[in-house]
Amino acid sequence: MKRSRKQHMRCGVALACALMTAVPSIPVQASEVNNLENKTSNLKNQLDGLNQDLVAISDKISATQKKIDQSDNEVYRLEASLKISYNNEEKQYENMKTRIKYMYENGSSTMLTLLLKADSMADFLNKADFIENVTEYDRNMLENMVKVRKGIEEQEKDLKKQQQELSDLKSQMDSEEQQLKNKADATSTDLNDFNKKLKAARAEQARQEELKKKQTQQTKTAKKSTSKKSSTKKHNKKPSSNNSGNTGGNTTGGSGVRHGNYIIPSGGLTPQKGRITYNGHTETYYSQRVLPGGGLGIPGRHIASDGTIRDSGNYIVLASDDYPKGTVVQTSLGPGKVYDTGSGRGNIDLYTDW
């Protein structure tokens, strides 16, 4: 018998217990993951909508700025025209003043001389019309120039008003754009936070599912092992009458507990009491039905009437880490001899057929 197989069995049982206790008491629910997925999806949709609104308002701002630039150019043109109009008006006014001054300083004699020099009546009338037309021309030119100037001033006034309206509109849209950017930044931050939470929730859910699979597999393995052990007990051959007759006096007398074909003395180790304290140490047992132990080299090996495995001296075969091999130790079922190790400090294993 190799003790490593027995130790591996104990480790397997401990691992199964550890897996069953490793599953969190409050697992991540699928509804929690779904809720995070819905929130993440909604935030993505909101962010997409905000980005579309930002593109739209950015286009409007560009179009408004283009109109403002065109209006600025038009204002510059009107200002240049107005300056020219002012200059022409001033020049016309100066010319008119010069002619009026000339007529005033030379008096009517000059006009009369001009008229008297006429060669004929027709020439006289033409000269008279000329004098009148010059005066009327000056007056009309000045009036037209004033009208043109006023018209340019009105256009400039209207255009500047339009400029102010466009500027106010652009300022409003700039403010809306900034608000959209702030909202988009906040939404993006929330989306990143929910993405992290969703990633963590999915990872935890996957971990729990993996633990459940391991637990289920371990449970199936344990059930198969139990079923196999039960089947082995049912089909195991009964011990021969020769072997069962070689018993010590302490295992045959008095009342006992029946276990299959064996009668186990009361007050000691039994299959139902798989671990007891006796004589300053704990006692457990290992069954040859699980661990055959063919390599122990037990002389006169046989099965006693209480189901223990004994040697030719009728000593129960023991395993102990506290006593050297060959040491006789008193157990709850009678004296035994150490043939093996691997039972753990403070514990003695009894070799049985239970």
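Structure summary
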item: Under 10 Å, Cβ to Cβ, from GLN288 - net charge with Lys/Arg +1 and Asp/Glu -1; result: +1
item: Separation of the LYS161 and LYS97 label points, Cα + 7 Å toward Cβ, nm; result: 3.4
item: Whole-number D in µm² s⁻¹ for the range 267-309, Kirkwood Cα-pair radius fed into Stokes-Einstein, 10 °C, 1.306 mPa s; result: 131
item: Net charge over other residues, Cβ less than 14 angstrom from the Cβ of GLN163 (K, R count +1; D, E count -1); result: -1
item: Share of carbon and sulfur in the accessible heavy-atom surface of the range 163-205 [1.4 Å probe, %]; result: 45
item: Cβ-Cβ FRET estimate between THR327 and VAL257, R0 fixed at 30 Å, reported to 0.05; result: 0.60
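The values are calculated or read from the model by the stated rules, or taken from the named source; none is laboratory data. Being a predicted model, the structure only gives us computed values, none of them experimental. Quick reminder, even Gly has a Cβ in these numbers, built from the backbone with ideal geometry, and neighbours come from all protein chains shown. For accessibility, only protein heavy atoms count, side chains too; no ligands or nucleic acids. Shrake-Rupley method; radii C 1.70, N 1.55, O 1.52, S 1.80 Å.
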